[in-house]
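A.B. asks: The structure that follows is given in the form of structure tokens.
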Amino acid sequence: MWFKIAEIIKNLQEKIDLERLPEHIAVIMDGNGRWAKHQNKPRVFGHRNGVKAVREVTEACAELGVKYLTLYAFSQENWNRPKLEVSALMGLLVDTLTKEMATLTKNDIKLEAIGNISQLPRSTYNALLKGIERTKSNSRMTLVLALNYSSRVEITRAAQAIAEDAKLGNVDISTLSEDTFSSYLETAAYPDPELLIRTSGEQRISNYLLWQIAYAELYFTQVFWPDFEREHLYEAIVDYQSRERRFGKTSEQLV
Ligand code: IPE
Ligand code: IPE
Ligand code: MG
């Protein structure tokens, strides 16, 4: 049985063209609650079991040579969930950030964050800053956690900052370029994701990286996040590589 699974994973991995890997993969980790509900367990049980998937996908991306992995861990809208679920999630983040330091160090992964992190509970914020500080010299891959993140807020803040800089004479609004606008986003240091994966069968963006995914390939899978394993990631990358990225051109222009 194990041998068979290992074989399937190996076959899929061999199908990946390492020369054409997405440099940046973004993931909407969805379906923890439904995964738990299917087993008559509380939603938090699903969140706890989602951690293994985070580890698997992070390690698999680093091993393949993906440079940036951005995971949607908590949206600004997620504050509207029941208080107990929110505090369990925040606690789980502290635990995970602490326990997974070894995984990040072993794999030479740098941790960063986007979103309004200063509004997180103190313990979560501190664990996050500690993780960021301790991994800042790592260079194989950057793992970006989107926490208390809202793409519209990010874009609005960028517009405000640009207006401020225009008032100071640092930006000329009449010649403002897309690149300059991008440089005001929290993702300024990262290339745009080429591949966006969402688990659990939902086909929506939920206020995630709206500007950055303008030309990303979207990959939706029915698999709930806690069940998402290495082979599912490989499947997504193989699917991505089978697509023709035209960027507005015709097929014929690409050859
Ligand atoms: C994703 O799973 C995790 C977070 C949003 C934190 P959900 O908790 O959204 O699971 P479903 O969508 O209710 O099944
Ligand atoms: C998006 O998932 C946010 C995260 C994965 C952290 P949700 O489950 O909160 O999204 P909606 O509300 O169903 O769109
Ligand atoms: Mg959900």
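A.B. asks: Please report, ordered by residue number, the helices (runs of 4 or more DSSP H) entirely within the range 1-91 with at least 3 residues that are within 16 Å of Ile197 (Cα to Cα). Please lay out each step first, then the result.
C.D. replies: Working: elements: 2-15, 32-37, 43-64.
Qualifying helices (runs of 4 or more DSSP H): 43-64.
A.B. asks: If you scan the range 32-78, which residues turn out to be small (Gly, Ala, Ser) and either more than 10 Å from ligand 2 (Cβ to nearest atom) or touching a strand residue (DSSP E or B) at 6+ places or on another chain (Cβ under 9 Å) (or both)? Reasoning before the result, please.
C.D. replies: Of the residues in the range 32-78, the ones small (Gly, Ala, Ser) are 33, 36, 46, 50, 53, 60, 62, 65, 73, 75.
Listed by number, the residues that qualify are Ala36, Gly46, Ala53, Ala60, Ala62, Gly65, Ala73, Ser75.
A.B. asks: Cβ-Cβ under 7 Å, sequence separation 6+ or interchain: first residue in the range 54-76 and on the phi > 0 side of the Ramachandran plot, partner open to solvent by less than 40 Å² (accessible area, probe 1.4 Å) and not in a helix (DSSP H, G or I). Which pairs?
C.D. replies: Gly65/Leu21
A.B. asks: Moving on. Filter the range 17-63 for residues that are within 13 Å of ligand 3 (Cβ to nearest atom), over 13 Å from the mean Cα position of the chain (by Cα) and of a type in the set (A, V, I, L, M, F, W, C); which is least open to solvent (accessible area, probe 1.4 Å)?
C.D. replies: Ranking the candidates gives Ala36 first.
A.B. asks: Please state which one of Glu164, Glu186 is in contact with a helix residue (DSSP H, G or I) (Cβ under 7 Å, 6 or more places away or on another chain) and either open to solvent by 30 Å² or more (accessible area, probe 1.4 Å) or in a helix (DSSP H, G or I) (or both).
C.D. replies: Details: Glu164 fails: in contact with a helix residue (DSSP H, G or I) (Cβ under 7 Å, 6 or more places away or on another chain).
When all the criteria are applied, what remains is Glu186.
A.B. asks: Please enumerate the residues belonging to the range 210-228 that are under 15 Å from the mean Cα position of the chain (by Cα), assigned to a loop (DSSP other than H, G, I, E, B) and within 15 Å of ligand 1 (Cβ to nearest atom).
C.D. replies: Hit for the range 210-228 is Phe228, nothing else.
The values are calculated or read from the model by the stated rules, or taken from the named source; none is laboratory data. The shown structure was predicted, so the numbers you read here are calculated from the model rather than taken from an experiment. Neighbour counts run over all protein chains shown; Cβ positions are idealised from the backbone, glycine included. Areas reflect the complete protein model, heavy atoms only, side chains present, ligands, DNA and RNA absent. Shrake-Rupley method; radii C 1.70, N 1.55, O 1.52, S 1.80 Å.
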